[in-house]
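Report on the structure given below.
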Amino acid sequence: ECLELIQKEYFDVILLDHMMPGMDGIQTLEKIKQTENMCKSVPVIALTANAIQGVREELIAEGFDEYLSKPIEFNKLEEILIG
């Protein structure tokens, strides 16, 4: 759904779940970066329930702009969005 939506609409930020059925968040991020779309340069934030040490660094290395663990703490999301 994400890949279809970014072909039709521009978003200021993309919140992308790391673990999804079918194509996971890393694979989806690769497709976002590889295909022509309206959101190619938009920040993509990984959402994951995996909060163990080192996950943030791993996801940033995979190309995500930032990482948030679930459940989302809205003050942390706000900090990321404000920059």
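The values are calculated or read from the model by the stated rules, or taken from the named source; none is laboratory data. Since the model is a prediction, treat every value here as computed from it, not as a measurement. Because the Cβ atoms are built from the backbone with ideal geometry, glycine has one as well, and the counts that use them run over all protein chains shown. To get the accessible areas, we keep the full protein, side chains included, count just its heavy atoms, and leave off ligands, DNA and RNA. Shrake-Rupley method; radii C 1.70, N 1.55, O 1.52, S 1.80 Å.
Given +1 on the Cβ of Lys and Arg, -1 on the Cβ of Asp and Glu, and no further charges, what dipole in debye does the chain carry about its Cα centre, rounded to the nearest 20?
Using Cβ point charges on Lys, Arg, Asp and Glu, the chain gives about 60 debye.
Hand me the GluC sites (Glu not before Pro) from the stretch 1-71 located in a DSSP loop with no more than 10 other Cβ atoms within 10 Å, in residue order please. Provide the component values of the computation, followed by the final result.
Details: sites: 1, 4, 9, 30, 36, 57, 58, 62, 66; in loops: 1, 9, 36, 62.
Those that pass, being in a loop and sparsely packed, are 1, 9, 36.
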### Query
Any idea of the accessible area per residue across the chain, 1.4 Å probe, to the nearest Å²?
67 Å²
### Query
Helix 25-34 versus the longest principal axis of the chain: what angle, 0 to 90°, nearest 10, using Cα atoms?
40 degrees
### Message
Restricting to DSSP H runs of at least four residues, report the calculated mean residue ellipticity at 222 nm for the chain, -39500 (n - 2.57) per run over all residues, nearest 500 deg cm²/dmol.
### Response
-11000 deg cm²/dmol
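Any chance you could tell me what percent of the C-alpha pair distances in the chain go past 19 Å?
Working: 1189 of 3403 pairs.
Roughly 35 percent, rounded to a whole number.
Excluding residue 56 itself, calculate the net charge of residues whose Cβ lies under 12 Å from the Cβ of residue 56, where each Lys or Arg counts +1 and each Asp or Glu counts -1.
Working: positive: 76; negative: 57, 58, 62, 65, 66.
Once all neighbours under 12 Å are counted, the net charge is -4.
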